[in-house]
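Here's the structure, in structure tokens; my notes come after.
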Amino acid sequence: MNILNGRSSDPASGGVRFRRPWRSLAAPLAGLALLAGCGETAAPPARPPTEVTAITLAARDTPVVFEFVAQTQSSREVEIRTRVEGFLEKRLYNEGDLVHTGQILFQMDPRPFEAALQSARGQLAQQQARLDMARADLGRIRPLVKVGALSKKNLDDAIGTERQAQAAVLSAEGEVRTAQLNLGYTTIRSPLTGVSSFAKLQEGSYVTPGAAGLLTYVSQVDPIYINFSLSENEMLKFRGEIATGQLRFPPHNNFEVEVVLADGSQVPDRGRLDFADFAFSEETGTFLIRAEVANPKGLLRPGQFVRAHLNGAVRPDALLVPQRAVLQGSKSQYVWVIGDGGKPEQRIVEMGDWHGDDWFVTRGLRAGERIVVDGAIRVTPEASLRIVDTRPAAGETSQPQRQKAAEAWSDQKERLKAGPSGGGQAP
């Protein structure tokens, strides 16, 4: 059969019969068409815009709070010691209680000191009698010397005896005074109002002045000191920021100090800085700073670890960025800035201190620029953005939010004016 000519010879029929070659080629051609169609790549669908939120940066003066770990210290801590030796007779206070100025803490055995005082008074009386006799003799000798009945030497001897008697009286008076003081020292009182410590010696102990004579402590707690340290790096940082205008301290460093306890509660009374050491500590390399805080209710006790918040500093014309808007790259931090046409632009930034949930911007951004906040991690260069919520600058309230709040308050006032309705109660 000659396929190309479309005809074939059939010996049985004795003639030539023509066939249709396209029918036999239809199936292979359809298969080739299918194979050609499968080899073509379909165009990918357009990527939907990335939904993000954004804020517009605004520069404003922002108060800042410096936080330090601090420890409380008594404003006056006094060692209660004995001044005389003897036996400790009584303890007249409850250990750990608040004691007041002049309150009796200990009582020593006074009897030996009462006897010593009585003896000193006897010596004084004896010397006083001798002085009286010397003065009487001098009074009799003076006129006799004038008339020549006695010599000048007799007069000089009488004057000397009278002066010796005067000196003996002064010495005896001193002995009496000493005996009175020693007797008074047997009653040991608190020199100030404060919290008492435990008694180091108990009743019946023999106490002596000196190192062995420590009986207890009394610590004044109103006011109380709050001590904390500033490192050299922190001080240099503050100085540099003040010099460049990034930070402003209150006049005369008149910071207001808040004290926060370990459980997060805040002490109601606030204080002020009252002392700053002139030199750095050679041991720690830190700069000691002290605040004084009123403590009338005794909430603070000496030795507590607290947090001191210093209020009063301001960062002028500062830019704040939410922390979640800042991403960490391989070498630096960056944010996505929304440029012209809504296209994102990656911007390297330098961040400063934290401020609540925000971050101070040191370098890289300007006021008026818009940055991506939520959804920043999904943004890519040249991506199409769909801003679902434009949020205000950190710490501010958006105009729509203020408008909604005003409308809600207006509606609330109307309902209050209308009063109860339908058997219900006014909101």
The listed residue being farther than 30 Å from Tyr206 by Cβ and buried (at least 17 other Cβ atoms within 10 Å of the Cβ), out of Gln127, Gln123 = Gln127
query = Among the residues of the range 288-310, is any at pLDDT 90 or above, in a loop (DSSP other than H, G, I, E, B), of a type in the set (Gly, Ala, Ser) and loosely packed, with under 14 Cβ neighbours inside 10 Å?
reply = yes
ask   = Within the range 137-166, how many residues are in a helix (DSSP H, G or I), of a type in the set (A, V, I, L, M) and exposed (fewer than 12 other Cβ atoms within 10 Å of the Cβ)?
value = 0
message = I'd like the residue in the range 233-251 that is assigned to a helix (DSSP H, G or I) and among the aliphatic types (A, V, I, L, M) and, out of all such residues, is least open to solvent (accessible area, probe 1.4 Å).
response = Met235
request  = Sort out which residues of the range 167-188 are without any contact (Cβ under 8 Å) to a residue 40 or more places away in the chain and surrounded by 14 or more Cβ atoms within 10 Å (Cβ to Cβ), and write them in order of number.
outcome  = Gly184
key: Output for the range 328-352, where each listed residue is in contact with a helix residue (DSSP H, G or I) (Cβ under 6 Å, 6 or more places away or on another chain) and among the aliphatic types (A, V, I, L, M)   = Val335
task = For the range 269-287, name all the residues that are open to solvent by 60 Å² or more (accessible area, probe 1.4 Å) and within 11 Å of Leu230 (Cα to Cα).
result = Phe280, Thr284
task = Quick one: which residue in Val257, Val218 is crowded, with 18+ Cβ neighbours inside 10 Å and farther than 30 Å from Leu105 by Cα?
result = Val257
ask   = Looking at (1) open to solvent by 30 Å² or more (accessible area, probe 1.4 Å); (2) polar (S, T, N, Q); (3) modelled with pLDDT under 90, which is the one condition that is false for Gln346?
value = (3)
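The values are calculated or read from the model by the stated rules, or taken from the named source; none is laboratory data. The model shown is predicted, which means the values in this text are computed figures rather than measured ones. Cβ: placed from backbone, ideal geometry, glycine included. Neighbour counts: every protein chain shown. Calculation scope for accessible area: heavy atoms of the full protein, side chains included, ligands and nucleic acids excluded. Shrake-Rupley method; radii C 1.70, N 1.55, O 1.52, S 1.80 Å.
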